[in-house]
Amino acid sequence: MRNKISFKSVLIFFLFISFKVCPEYEEFAGEFFFGRQPNPRAEAMGRSNAVFAGDLYSSLYNPALIGETTDWSIAISRATPYYLLDNAVISYLGLAHKFNSFIAAGITRFHFNDGLEITLRDAVGDSISTYKPYISNYTLTLSFQLIKDLFLGLNTNLFLYKWSNKLSKALYLDVGFLKSFIVYREEKLKHKIIIGGSIKNATYSGIPFYVYSPGYGQRDTLTFQEDLPVIGLAGVAYEFSLENDSFPEGLRAIELMLSAEYQKVLNYNYRRAIHFGTEITLFEILSLRGGYYREIVDDYGYSSNKDKISDLTYGLGVAIPINKLIGSGRKINMRIDFVRLPQVRYTNEIFFDFKDFYSIGVQMSLTF
């Protein structure tokens, strides 16, 4: 009874804070929030993120996920290019530690560098200064296990936006939950259901922009503010695993994951999306992935623009369960994820041929 009440309370809380009446977001920093994923695995599985238990990358979208991480986890990734920005690099670096069965914490940096260098000039064309625009998000993540297999997470984010010769900053919070249920289990066979959800920018925060105004001395004054997106995610996944009787002992012969996710931007009429993904893993080493997503976008009133984008996705991962292969008493795993995909078009017109983008990530976990 206690489990049911606790889980129901979490769902009611998420429904309550997700209620917002009028749209305010206007695609500010859309390339950061809706462009490349920090997680190559997510890119390959239809851009899903809400239910990847223990995945450090996806804790950027659902902070509860690191509750099922190991003692220590570290993850890095790199993606490029971004449409016509051939030198753009999207990078991620994260570190997480599980202190005990109740609490885990992590710190991450997600960075978008468009690869440009811009020169500011005065009225007669002389150079004043140069700068390189970028967007960075630093996140402190906490995940708590309230009851068995029910995790609640919190992200505290520092959002940085470099523009002109100035740096604008914003603080915002994300909340998320994760719950898993083992529906059937035998000695070497397991079926599990996972549900999860999150609200990114649950504080409905915006980012202020300050510009020097004559008559106010040397102090910059608030000129305008851009709203950040409030992104709601709800997902469910089914996992099946079968252990192997042959060498190496203890390796699961096959694992299957099917996931479905719904995305809604709570302060915007667009960017509603569905994400579907599948992953088949053989002997805990080779993972083959595929997915599909469909997203409602703003065509800005032009028939040449698309009002929906969709794509099939695919990729692979290679994991090395070092401890099982060498018989170590410590659990040491390394996973390399890779995806290379065409860049989805937002217009029906073909003005340019975009290069495929690629994303590669390495994640390591260590249990003492």
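The values are calculated or read from the model by the stated rules, or taken from the named source; none is laboratory data. Worth saying up front: this structure is predicted, and the values here are computed from it rather than measured. Remember, those area values only see protein heavy atoms, side chains included, never the ligands or the DNA or RNA. Shrake-Rupley method; radii C 1.70, N 1.55, O 1.52, S 1.80 Å.
What to note about this one:
- Orientation-averaged projection of segment 79-161 equals 7.9 nm² [convex hull of Cα atoms, one quarter of hull surface area].
- For segment 21-87, diffusion coefficient by Stokes-Einstein and Kirkwood Rh (Cα), 37 °C, 0.692 mPa s, µm²/s: 239 µm²/s
- Qualifying aspartates and glutamates (Cα of each under 13 Å from Cα of Lys264; at least 8 residues distant if same chain): Glu295
- Heavy-atom accessible area per residue - the chain, 1.4 Å, Å²: 50 Å²
- Pairs of alpha carbons in the chain whose separation is greater than 39 Å (percent): 19 percent
- The chain: calculated mean residue ellipticity at 222 nm from DSSP helix runs of at least 4, using -39500 (n - 2.57): -2000 deg cm²/dmol
- Rounded Å value of the spacing that divides the Cα centres of segment 88-150 and segment 290-316: 26 Å
- When each of Lys98/Lys190; Lys190/Lys308; Lys98/Lys179; Lys162/Lys200; Lys148/Lys188; Lys192/Lys308 is checked by Cα-Cα distance, pairs over 27 Å: Lys190/Lys308; Lys192/Lys308
- Once the Cα gyration tensor of segment 253-368 is diagonalised, semi-axes √(5λ) in Å: 38, 16, 12
- Partner aspartates and glutamates for Lys169 [C-alpha distance under 15 Å; skip if fewer than 8 residues away on the same chain]: Asp220, Glu226, Asp227
- Panel values: segment 148-196, Kirkwood radius from alpha carbon pairs, Stokes-Einstein at 10 °C and 1.306 mPa s, translational diffusion coefficient 111 µm²/s.
- For the chain, the longest principal axis of the alpha carbon atoms and the long axis of helix 2-17 meet at an angle near 20°.
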